[in-house]
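K.L.:
Before I ask anything, here is the structure I am working with.
Every read-out reported here was derived from the displayed coordinates using simple, explicitly stated rules and does not represent laboratory data. Worth saying up front: this structure is predicted, and the values here are computed from it rather than measured. Every residue, glycine among them, receives a Cβ derived from its backbone with ideal geometry; neighbour counts consider all protein chains shown.
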Amino acid sequence: MAMAGLYRRVLPSPPAIDFSSSEGKQLFIEAIQGGTMEGFMLISRLHRSPALLYTLSCKHESWIKIAKYLVEDVPTLLSCKDVKDVKDVLSIVFNSLPSKFLEFIKWVAEVRQREDGGQSLSSEEKERLAVKEEILKQVQEIRLYKHVTDFLFTGNSGSCKESCLTNIADSICCQGAGFLEGNNGSAKGFCCRETCVNCIKANGDTSVTVVSGMVTNGTGIQQVDVLVPSSSSKTSGASNSYGLSGCIGMHPASNDVLTVLLLALPPQTWFGIKDEKLLQEMSSLVSIDNLPTLLQEEIMHLRGQLYILKRCKDDEAEEDFGAPLF
């Protein structure tokens with residue numbers, strides 16, 4: 001065994017730990033909190049790309065603002081308020097959210113250039129969508145999701161307004177066109193002339209939501225498709241506002257998005273809660289220890305991205321965006 005050094009713990013020899021193990025996850029969290037990430041070297045990759053969140057999305061301005069609010073402002077708000085129950089905690093977190101938090105729906109969207117042969121899905125696209133849908137299903141099965149959904153849809157919160165995908169379709173298509181042209185997902189200079197939302201068959205009776213847009217940057221026109229996984233929850237998407245008969249697939253909505261964000265916050269976010277019993281309840285609700293491995297991987301990836309965004313100001317941490325965290 002190697003002697004305890006920088007990380008003040010005895011490490012195996014050679015000093016390599018599987019990040020999927022409980023010890024690996026704990027070491028990763030300690031490194032984020034202690035600012036010692038430079039001691040890590042990537043020696044293996046996940047067998048797949050993160051399904052829900054892509055580093056590209058984190059460059060969007062709305063991500064940076066929301067990350068700052070979640071990581072810096074929320075702990076301060078909780079320590080200054082006298083919260084009595086989970087509903088009070090959610091009220092503090094959600095009612096002060098930056099206005100563009102629904103842009104987070106883009107972290108489940110996949111952009112492609114429209115094929116001449118019309119709208120169809122390749123086997124690889126079907127596989128990726130299936131993984132995303134499985135993760136969304138896992139999100140909707142945890143206790144925290146029920147608390148978030150009850151809060152958002154009881155009429156006590158304005159956080160679920162404008163959850164229809166068509167409200168952000170233009171932005172998604174423009175950012176996608178920028179990505180396809182190698183502009184790191186920037187929508188600057190792009191204008192979406194028209195968009196439409198359709199459903200196409202994926203596997204059996206399963207429908208996939210496709211946002212199609214015609215995007216121009218003044219020199220040419222791109223036809224872009226954005227593939228969005230279906231969410232099985234009755235409350236996701238609030239309602240089928242597309243006006244499409246037979247389109248049963250609902251896009252991920254505010255309750256899906258906000259549940260994932262709460263899970264991704266650093267554990268110390270909740271330490272400002274003065275009521276010890278409530279603190280224990282919140283810690284239990286947001287714990288990822290007993291979540292399915294697939295969902296744990298997504299949460300750990302998102303938690304790492306929030307850490308990077310916290311350091312990002314005027315592209316000072318730009319070099320961090322391209323590097324996988326584990």
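K.L.:
Between Glu134 and Glu23, what length comes free when the chain is fully extended (0.36 nm per residue of separation minus the Cα-Cα distance, one decimal in nm)?
P.N.:
The Glu134-Glu23 span can extend by a further 37.4 nm.
K.L.:
If you don't mind, there's one more thing I want to ask. Using a 10 Å cut-off around each Cβ, can you sort Ser254, Ser284, Ser207 from fewest to most neighbouring Cβ atoms?
P.N.:
Ser284, Ser207, Ser254
K.L.:
Points 7 angstrom from Cα along the Cβ direction at Glu276 and Ser79: gap in nanometres?
P.N.:
2.0
K.L.:
Which order do peptides 291-301, 188-198 fall in by mean Cβ count within 10 Å, highest first?
P.N.:
291-301, 188-198
K.L.:
Around Val93, under 12 Å between beta carbons, what's the net of Lys plus Arg minus Asp minus Glu among the other residues?
P.N.:
0
K.L.:
By how many nm would the segment from Lys126 to Ser287 lengthen if fully extended, with 0.36 nm per residue of separation less the alpha-carbon distance?
P.N.:
Answer, rounded to one decimal: 54.9 nm.
K.L.:
Another question, if that's okay. Could you check the spin-label model distance between Asp88 and Asp150? Points 7 Å from the Cα along Cα→Cβ, value in nm.
P.N.:
1.6
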